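Taking it in order: structure first as structure tokens, then the write-up.
The values are calculated or read from the model by the stated rules, or taken from the named source; none is laboratory data. Please read all numbers here as calculations on a predicted model, not as lab measurements. Counting neighbours? That spans all protein chains shown, and the Cβs are built from the backbone with ideal geometry, glycine included. For the accessible areas, the whole protein counts, side chains as well, though only heavy atoms, and no ligand, DNA or RNA atoms are used. Shrake-Rupley method; radii C 1.70, N 1.55, O 1.52, S 1.80 Å.
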Amino acid sequence: MDKIEFRFLYLLQELHTPLVDGLMTFITSLGDHGIFWLLLAAVLFAVPRTRMMGGCMLVSIGIGFLLGNVALKNMAARQRPCWLDPSVQLLVQVPRDFSFPSGHSMVSFEGAVTVFMLNRKWGIPALMLAVLIAFSRLYLFVHFPTDVLAGAALGTVIAWCVARTAKRRRLNDPPRTMTEKS
């Protein structure tokens, strides 16, 4: 399997241009430490109208961090393509953690799928950004395709479960009176 994945990654290396290199480096930075998605979640949580969306994003990101970055990465202990073939010049710092699943892909899909499930109009651009962040990890030679697919799938499932649970709870909660709100 690694041979097929390396072939795909080497094919992507042939697409490099200064413009695309700069764009992919910037796009991948949006996923660094989940910062873009965490900031977006915090802003959404601070606004009463979008509080549920922000809360769902924060819960999803927390679950994904524990499940993906803490547990799965260390259990799988998969080496990164840039570790196995250091001859490819990287445009980003060599990551120090393991490769499977892609944390950038996971957090991006947790954020984007949450937004999509709760607001389709905002969700489409969020999903487009998530796809670009995931693709950037391949373009930059720091993840295998299966790492990115696993991260995207895990992030999608986590976000779907959290958002669906929140929607059900909101539908099942009786409306509160003014005296109960205080």
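Beta carbons closer than 8 Å, at least 6 apart along the sequence or on distinct chains, pair a first residue in region 45-62 that is among the hydrophobic types (A, V, I, L, M, F, W, C) with a second that is not in a helix (DSSP H, G or I) for Met53/Asn119.
For region 155-173, the condition holds for at least one residue, the condition being that it is modelled with pLDDT under 95, surrounded by fewer than 21 Cβ atoms within 10 Å (Cβ to Cβ) and part of a loop (DSSP other than H, G, I, E, B). The requirement of being assigned to a helix (DSSP H, G or I), within 27 Å of Gly22 (Cβ to Cβ), of a type outside the set (Gly, Ala, Ser) and open to solvent by 20 Å² or more (accessible area, probe 1.4 Å) is not satisfied by Ile63.
Evaluate the following for Leu149: is it open to solvent by less than 70 Å² (accessible area, probe 1.4 Å), in a helix (DSSP H, G or I) and modelled with pLDDT of 95 or more? No: the conditions fail for Leu149. Looking across region 79-123 at every residue that is surrounded by 13 or more Cβ atoms within 10 Å (Cβ to Cβ) and β-branched (Val, Ile, Thr), the one that is nearest to Ile61 (Cα to Cα) is identified as Val107.
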